[in-house]
1. Being within 16 Å of ligand 2 (Cβ to nearest atom), at negative phi, among the small types (G, A, S) and modelled with pLDDT of 90 or more: is that true of S69 here?
2. Please find, within the range 28-49, the residue that is surrounded by the fewest Cβ atoms within 10 Å (Cβ to Cβ) out of those that are without any contact (Cβ under 8 Å) to a residue 60 or more places away in the chain, in a strand (DSSP E or B) and out of contact with any Leu (no Cβ under 9 Å at 6 or more places or on another chain).
3. Among (1) crowded, with 17+ Cβ neighbours inside 10 Å; (2) modelled with pLDDT of 90 or more; (3) farther than 19 Å from I218 by Cα, which single condition is S175 missing?
4. Regarding V79, is this residue away from ligand 1 (no atom under 14 Å from the Cβ), over 14 Å from the mean Cα position of the chain (by Cα), within 21 Å of H213 (Cα to Cα) and modelled with pLDDT of 95 or more?
5. Residues I94, I54: which one is touching a residue at least 12 places away in the same chain (Cβ under 8 Å) and in contact with a Ser or Thr (Cβ under 7 Å, 6 or more places away or on another chain)?
6. Hey, could you check the range 136-172 for residues that are part of a loop (DSSP other than H, G, I, E, B), among the β-branched types (V, I, T) and modelled with pLDDT of 90 or more and say which is farthest from E204 (Cα to Cα)?
7. Restricting attention to the range 230-248, which residues are closer than 16 Å to R51 by Cβ, part of a strand (DSSP E or B) and in contact with a helix residue (DSSP H, G or I) (Cβ under 8 Å, 6 or more places away or on another chain)?
8. Starting from residues that are within 16 Å of ligand 2 (Cβ to nearest atom) and among the aliphatic types (A, V, I, L, M), keep the ones in the range 195-221 and report whichever is farthest from R47 (Cα to Cα).
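The values are calculated or read from the model by the stated rules, or taken from the named source; none is laboratory data. No experiment lies behind these values; they were computed from the predicted model shown. No Cβ is skipped: glycine too gets one built from the backbone with ideal geometry, and neighbour counts run over all protein chains shown.
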Amino acid sequence: MAALLASTHHPAPDADVLGRNIVILQDVLVSFDGFKALQIGHFAVERNELRVVIGPNGAGKTTLCDVISGKTRVTSGRVYFDGFDITRVPDVEIARRGVGRKFQTPTVFDSLTVYENMQLALPGRRNVLQNLMGGETDAERHTIYAILDRVNLIPELATPAKYLSHGQRQWLEISMLMVADPKLLLIDEPAAGLTDKETELTAELLLELKGKHTIIVIEHDMDFVRRLNSRVTVLNEGRVLADGSMEQVQANLEVIEAYLGR
Ligand SMILES: Nc1ncnc2c1ncn2[C@@H]1O[C@H](COP(=O)(O)OP(=O)(O)O)[C@@H](O)[C@H]1O
Ligand SMILES: [Mg+2]
């Protein structure tokens, strides 16, 4: 089935499909020196959806994020974001149009405090200096405090990020994404290296964002995925193996064989 999909040629999405879905991949192939890291006939995420992408190591999950954010160019096929073909749009421009990303390893500024990192993440700022000079409005300050309160980082407001625990860094980065408020949040393995308790809070956070933001979460931890209770896409060897509710994909024999059964 997946092979069939990958070889089928899909027509350009019509206005209705483009309007409903914030992200669409059509006949996408990503090949690294002949190695097919991603082969996707059709993949679409609706506005305000929380989509979980799972799959074993090397399945192509991070490559999928790289393609959407423009970090990696497709070898062939088309990528659409927010109604437009972004296949050849530079990554900086894609970010400007509203794709926000959280990488597998947190990319906060180590020497800056928690609050300063949040200032930097505020949307619509021209440069770093303007943000650090404290140009934020009362409303923005209020938003920063509200988000940091939710992830228990208020006591660490003035702490340089390098002194935070791994879990606190993950939350700071998710908080930075939240304050930046992009149209699409790409979150790669947020539970990696977290304790059970920290994982629980991270899942709660994503559930709170659900319905208000469009989010694609890549995750490995099955308990975490179950808790998110959302539509799941299973990738394996660069292809979409299954798509549906957690119950549906868990009952899929190919999925069990490739991933869940291990
Ligand atoms: N820049 C690259 N050059 C060559 N191979 C790559 C590159 N990026 C990813 N790959 C390969 O593509 C496959 C998918 O990788 P990735 O998307 O990182 O998987 P996942 O995130 O699901 O673990 C892997 O086999 C990986 O080695
Ligand atoms: Mg990965």
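1. Values: within 16 Å of ligand 2 (Cβ to nearest atom): yes; at negative phi: yes; among the small types (G, A, S): yes; modelled with pLDDT of 90 or more: yes.
It is true that S69 is within 16 Å of ligand 2 (Cβ to nearest atom), at negative phi, among the small types (G, A, S) and modelled with pLDDT of 90 or more.
2. Taking the candidates together, the pick is F35.
3. Here S175 clears every test but (3).
4. Working: away from ligand 1 (no atom under 14 Å from the Cβ): yes; over 14 Å from the mean Cα position of the chain (by Cα): yes; within 21 Å of H213 (Cα to Cα): yes; modelled with pLDDT of 95 or more: yes.
Considered against the rule, which asks whether it is away from ligand 1 (no atom under 14 Å from the Cβ), over 14 Å from the mean Cα position of the chain (by Cα), within 21 Å of H213 (Cα to Cα) and modelled with pLDDT of 95 or more, V79 comes out as yes.
5. I94
6. T159
7. Across the range 230-248, the qualifying residues are V232, V234, L235, V240, L241, A242, D243.
8. So in the range 195-221, the residues within 16 Å of ligand 2 (Cβ to nearest atom) come out as 216-221.
Okay, now just the ones that are also among the aliphatic types (A, V, I, L, M), so 216-218.
Details: I216: 11, V217: 14, I218: 17 Å.
If we take residues in the range 195-221 being within 16 Å of ligand 2 (Cβ to nearest atom) and among the aliphatic types (A, V, I, L, M), then I218 is farthest from R47 (Cα to Cα).
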